[in-house]
Amino acid sequence: MTRSSQAPFKESSQQLKRQPVVEQWKPLTSSSGGKELPQVEPRCRETGGGDDDQATAQLNVSRLRSSSVEIREKGSEFLKEELHRAQKELKLKDEECERLSKVREQLEQELEELTASLFEEAHKMVRDANTKRAASEKQLREARGKIDMLQAEVTALKTLVITSTPSSPNRELHPQLQSPSKAAFRKGHGRNKSTSSAVVAATSQNLPLECVNDECKEVDSILFAEFQAWKESPTLEKSCSFLERIYREDVGPCLDFTKQELSELVREAVEQNTLTIEPVATQALPVVKVSAMECGGPKKCALSGLSRACKHRIKLGDSGNYYYISPSCRARITAVCNFFTYIRYIQQGLVRQDVEIMYWEIMRLRREMSMAKLGFYPSTM
């Protein structure tokens, strides 16, 4: 023990010598471990007890001090362990929070990607549905147009068959039964004023073969042989010699107008049977998508580019553009349409006539194309 700690101890021992003191040591409990300090048995000391009492007191004091130090050290160790355990738990909870945060971010990103992909797929489905609907509507319009054309052709054929029987022949369909005076004034192909190419094509079959009594005709062996070869296997391909000659000599020159680009479109529409001819006297002017110079007008022909009174207009296929044409251009287009209508009937097996009669009808249609190309057309055009 140090000197500083012995000084108060001597003062207390001197006081003990003066009077007897009975003391009792109360047990000390630690706040952390709950351990009790060893109790000191009560002693009765009298003044003048001697060195044994002093030594005993010093021993008790040293024991108390060592016990308090031990308790303090154990409490400190316990607190350190608790702090370490709390720090470890806190670290684990931080790691768990960080992991959960990453999981949440990943889920949010996946949710955003899924939402974007669903919206994109929905827009794609809507676009596909709109495209299919537009295609279906177009096919429906085309089918209705074909139905109207076929109905017109069937009506024309019924008229051709019903109105002419052996017991009561139709004189319009058999010009050889007419008087020479009436037959002499008959010119080629009569034509109703139709509002569509389908009706124009159908009505062309209501008219007879041209056969004038005072006219001399002679079959050209080359042309007839080409027609017979084509009749064995009728086709609309230009590669066969029969149609190749007619394209070169009649169809091409007849549809060769000043406006070359529009002429090519008209030729394609005639070949595909998608050309429409309409009178403009009873219809309002259309809203067109091209310039007035290209479409012409009631006073200017779109094919020839000349200032003419245009009573008809044409439409190519399903386009919304109309082109005004002069009577001369209409006669040329009509002549070519009549020719294609007749050979289509032959190809479909609707014409039940002798080969020579069909040949002369084709020659008559060729003559109409040549006359129209030269500028001759009926005044009713």
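The values are calculated or read from the model by the stated rules, or taken from the named source; none is laboratory data. What you see is a predicted model, and the numbers here were worked out from it, not measured in a lab. Here Cβ is always computed from backbone atoms with ideal geometry, including for glycine, and neighbour counts include all displayed protein chains. What goes into the accessible areas is simple: the full protein's heavy atoms, side chains included, and nothing from ligands, DNA or RNA. Shrake-Rupley method; radii C 1.70, N 1.55, O 1.52, S 1.80 Å.
Just need a number here: residues in the stretch 265-299 that are closer than 16 Å to Ala309 by Cα, outside any loop (DSSP other than H, G, I, E, B), modelled with pLDDT of 50 or more and among the small types (Gly, Ala, Ser).
The qualifying residues number 1.
Can you tell me which condition Met125 does not meet? The list is (1) closer than 30 Å to Asp318 by Cβ; (2) over 23 Å from the mean Cα position of the chain (by Cα), and all the others hold.
Just one mismatch for Met125, condition (2).
Within the stretch 151-178, how many residues turn out to be modelled with pLDDT of 50 or more, open to solvent by 90 Å² or more (accessible area, probe 1.4 Å) and assigned to a helix (DSSP H, G or I)?
Adding up the residues that qualify gives 4.
Looking only at residues that are of a type in the set (Gly, Ala, Ser) and within 25 Å of Pro234 (Cα to Cα) in the stretch 318-350, which one is surrounded by the fewest Cβ atoms within 10 Å (Cβ to Cβ)?
Gly349
What number of residues in the stretch 54-88 are free of Cβ contacts under 8 Å to residues at least 24 places away in the same chain and surrounded by 14 or more Cβ atoms within 10 Å (Cβ to Cβ)?
Residues meeting the conditions: 2.
Only one of (1) at pLDDT below 90; (2) open to solvent by less than 40 Å² (accessible area, probe 1.4 Å) fails for Gln353. Which number is that?
(2)
What number goes with the only condition from (1) modelled with pLDDT of 85 or more; (2) open to solvent by 60 Å² or more (accessible area, probe 1.4 Å); (3) part of a helix (DSSP H, G or I) that Asp256 does not pass?
So the condition that Asp256 fails would be (3).
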